[in-house]
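This report concerns only the one structure given below.
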Amino acid sequence: MEIKILITGGTGFVGANLVDALLGHDLVLMQRHPSELGHANIIRSLDSNFNYVQDMAEVDVVVHSAALVPETNGGRKPSRKEYLEVNAHSTETLARCASMAGVKHFIFISSIKVN
């Protein structure tokens, strides 16, 4: 039985390395920009008001590595409100939706750089 893995932030430093390491597995990428990897992409930004349950249908594992950092924001330092929306509130929403969708494992990873 193959495990279906949804990865957020697959074009970021952590996520891109994870995607490379997991090539050959059943991957779904949730990201703001299309990928040329040939995987199923769900193109959307993180939003605490969005219901991601349908996106997680039949997903076994969610690996959440997306985050808002200045380097991915055109070099512009995001406001505190933007940081909280993407890095806190949207992460909570994503985790709740994973639970409602019956996702078996939710893995939240980050690079140390954000600390």
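The values are calculated or read from the model by the stated rules, or taken from the named source; none is laboratory data. In this text the structure is predicted, and so the values were computed from the model without any measurement. All Cβ positions, even for glycine, are placed from backbone atoms using ideal geometry, and neighbour counts span all protein chains on display. Side chains included, ligands, DNA and RNA excluded: accessible areas come from the protein's heavy atoms. Shrake-Rupley method; radii C 1.70, N 1.55, O 1.52, S 1.80 Å.
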| query | What 222 nm value per residue comes from the helices of the chain, counting each DSSP H run with n ≥ 4 as -39,500 (n - 2.57) and dividing by all residues, nearest 500 deg cm²/dmol? | reply | -6000 deg cm²/dmol
| query | Where the only charges are on Cβ atoms (+1 Lys, Arg; -1 Asp, Glu), what is the dipole of the chain about its Cα centre, to the nearest 20 debye? | reply | 480 debye
| task | Just name one of 108, 90, 17: the one whose Cα is farthest towards the positive end of the charge dipole of the chain (beta-carbon charges, Lys/Arg +1, Asp/Glu -1). | result | 90
| request: From zero up to wherever the largest Cα-Cα distance of the chain sits, split into 10 Å bins and tell me the percent of pairs in each. | output: 14, 49, 31, 5, 0
| request: Give, as a single signed number, the net charge of other residues whose beta carbon lies under 13 Å from the beta carbon of residue 98, with Lys and Arg counted +1 and Asp and Glu -1. | output: -1
| Backbone HN-Hα couplings from phi across the range 16-33 [Karplus 6.51/-1.76/1.60, Hz, Gly and Pro as x] | 5, 5, 5, 4, 4, 5, 9, 3, x, 8, 7, 10, 10, 10, 9, 7, 7, 10
| request: Show 2, 82 ordered by accessible area, largest first, where the area counts protein heavy atoms only and the probe is 1.4 Å. | output: 2, 82
| request: Amide H neighbours of residue 30 under 5 Å, at least 5 residues apart or on other chains, H built in the peptide plane: list them. | output: 7, 8, 9, 10, 42
